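Step one of this worksheet: look at the structure below.
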Amino acid sequence: LWLSLLLVAYWWAAGGGFQAMTGWETGLTSAGRLTGLLSADLLLAQVLLLARLPVLERAFGQDQLIRLHRLTGFTSFTLMLAHLVLITWGYASGSLRAVPATFWNLTTDYPGMLLALAGTVCLIMVVVTSLRAARRKLRYESWHLLHLYAYLGVGLALPHQLWTGQEFLASPGATLYWWSAWAVTAAAVLVWRVALPLWRNARHRLRVTSVAPEGDGVYSVYLTGRDLHRLPAQAGQFFVWRFLDRRGFTRGNPYSLSAAPDGRSLRISVKKLGDNSARTPALRPGTRVLFEGPFGRLSARTRTRRGVALIGAGVGVAPLRALAEGLEYGPGEVVLLHRFTAKPLFDREFRILARERGLRVVSLPGHRRAPDSWLGDGVGTADDLTALTHWVPDLAARDVYLCGPQPWTEAVRRTAEAAGVPAAQLHIENFQW
């Protein structure tokens with residue numbers, strides 16, 4: 001990413017970008033061109049980050065990719081607005097009074113500008129609804145639908161960039177780079193976000209077999225299909241699911257596997273929160289299911305140590321339940337710290353794994369005892385670090401798999417790092433959107 005940004009900045013400089021900065025009007029235009037180039041490069045990068053590219057997903061995991069996507073997205077949007085203002089101001093001969101008329105002339109007279117303006121409106125809508133304050137007021141399903149307009153915004157920006165952008169056509173190398181970048185990005189989306197999910201759904205034909213209550217508003221959904229032994233899913237990973245018996249099925253929801261795949265069936269566990277998840281108990285046997293995935297690094301492939309600590313809260317213990325079944329280990333090599341408020345999820349299943357596999361389970365009941373603590377009020381008064389190192393004295397020598405709400409996992413991460421766990425041994429998945 002940094003190399004691509006340096007490359008487009010080099011082409012801007014080689015085209016006289018620095019020399020143009022010596023004048024007021026030319027400087028505004030030159031700065032506008034630079035911000036436009038950087039914005040376009042980051043725009044493609046943010047699409048690639050969530051294009052489900054296996055090489056990126058395996059290296060970083062969805063949580064990290066989403067954070068990078070958010071950072072590059074807001075940066076790209078800011079640079080795009082700066083490009084719009086600076087270019088228009090420069091073309092208006094540096095006069096603020098002439099900016100509105102110049103903006104109108106650029107929009108109506110230059111090829112592709114009307115499409116670019118429509119794309120900008122789409123991107124503004126996506127960015128505004130992605131702000132944390134707005135997201136808290138939106139249903140997940142509504143936010144997901146609005147977020148898809150980002151693809152429309154990116155697509156509408158293409159004609160303007162390739163028809164009127166001087167730096168895009170300044171040299172054969174620049175032209176090759178930009179056309180290749182757009183082609184690779186479009187191909188990645190079409191292959192990994194469209195073609196592969198369609199092929200896997202046609203191959204496996206998943207259907208619901210049953211739904212079972214687990215307590216505390218959580219329901220397990222059991223699924224079966226064809227040739228599931230060929231589905232490259234591992235314990236701890238998640239899929240994006242669409243159940244075809246309900247309104248809004250076009251908007252997918254991410255749910256983790258709560259049991260290790262056995263080649264014949266799959267199980268996910270869902271808490272009744274959003275509109276789609278609230279309808280989980282009403283799922284009927286035989287319901288067709290569309291899916292994307294598997295995703296996530298919360299699996300055995302990130303394991304670096306024989307010893308493992310699983311730390312989960314609420315329904316975040318679901319992928320850890322799958323890991324406790326799917327990992328290879330001997331007695332005492334895997335310990336589960338299970339945080340819950342009233343009734344623990346999968347209690348009977350964990351007791352069976354403890355008896356048959358040697359899983360060590362530490363229950364952490366109660367309401368959160370303090371805003372800065374990740375422990376419940378039913379575990380005593382020792383501080384978080386002292387309690388954690390008491391339960392798992394060799395924590396720093398273990399891989400730590402952590403899943404739960406984002407503020408909670410952040411508190412656990414800080415405590416684990418204080419206990420000496422290196423960042424490379426921390427594998428985190430947040431339950432958030």
Please work out which residue is nearest to the chain's Cα centre (by Cα), limiting yourself to segment 66-92 and to residues that are of a type in the set (S, T, N, Q) and buried (at least 20 other Cβ atoms within 10 Å of the Cβ). 72
In segment 85-130, anything in a loop (DSSP other than H, G, I, E, B) and touching a residue at least 40 places away in the same chain (Cβ under 8 Å) is listed as 93, 94, 110, 111, 112
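Residue by residue through segment 337-351, note down the ones that are within 28 Å of the chain's Cα centre (by Cα) and assigned to a loop (DSSP other than H, G, I, E, B).
Correct list: 340, 341, 344, 345, 346.
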Over segment 256-286, the set of residues among the aliphatic types (A, V, I, L, M), part of a loop (DSSP other than H, G, I, E, B) and open to solvent by 40 Å² or more (accessible area, probe 1.4 Å) is 273
Here is a list: 195, 212, 181, 186. Which entry is assigned by the TED database to the domain that holds residue 284, at pLDDT 80 or above and out of contact with any Phe, Trp or Tyr (no Cβ under 6 Å at 6 or more places or on another chain)? 212
With respect to residue 334, determine if the residue is crowded, with 16+ Cβ neighbours inside 10 Å, more than 18 Å from residue 429 (Cα to Cα) and within 28 Å of the chain's Cα centre (by Cα). yes
Collect the residues in segment 21-36 that are in contact with a Ser or Thr (Cβ under 7 Å, 6 or more places away or on another chain) and under 14 Å from residue 9 (Cβ atoms), keeping them in residue-number order. 21
For residues in segment 318-364 being touching a strand residue (DSSP E or B) at 6+ places or on another chain (Cβ under 6 Å) and among the β-branched types (Val, Ile, Thr), which is farthest from residue 262 (Cα to Cα)? 362
Select, from 9, 40, 13, the only residue that is buried (at least 19 other Cβ atoms within 10 Å of the Cβ) and part of a helix (DSSP H, G or I). 40
Any residue at all in segment 62-80 that is under 30 Å from residue 406 (Cβ atoms), in contact with a Leu (Cβ under 7 Å, 6 or more places away or on another chain) and among the acidic types (Asp, Glu)? no
If you go through segment 359-398, how many residues are under 25 Å from residue 324 (Cα atoms), under 30 Å from the mean Cα position of the chain (by Cα) and of a type in the set (Asp, Glu)? 1
Is there a residue in segment 228-239 that is touching a helix residue (DSSP H, G or I) at 6+ places or on another chain (Cβ under 7 Å), assigned to a helix (DSSP H, G or I) and either closer than 23 Å to residue 59 by Cβ or open to solvent by less than 30 Å² (accessible area, probe 1.4 Å) (or both)? yes
When you go through (1) touching a Ser or Thr at 6+ places or on another chain (Cβ under 6 Å); (2) outside the structural domain of residue 425 (by the TED database) one by one for residue 287, which number turns out not to apply? (1)
Of 47, 55, the only residue that is assigned to a helix (DSSP H, G or I), out of contact with any Phe, Trp or Tyr (no Cβ under 6 Å at 6 or more places or on another chain) and more than 27 Å from residue 125 (Cα to Cα) is 55
Residue list for segment 291-311, restricted to those being within 19 Å of the chain's Cα centre (by Cα) and either of a type in the set (A, V, I, L, M, F, W, C) or buried (at least 19 other Cβ atoms within 10 Å of the Cβ) (or both): 291, 292, 293, 294, 295, 296, 297, 298, 299
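The values are calculated or read from the model by the stated rules, or taken from the named source; none is laboratory data. This one's a predicted model, so the numbers in the text were calculated from it and none came from an experiment. Positions of Cβ are backbone-derived with ideal geometry, glycine not excepted, and every protein chain shown enters the neighbour counts. Ligands, DNA and RNA are excluded from the accessible area calculation, which covers all protein heavy atoms including side chains. Shrake-Rupley method; radii C 1.70, N 1.55, O 1.52, S 1.80 Å.
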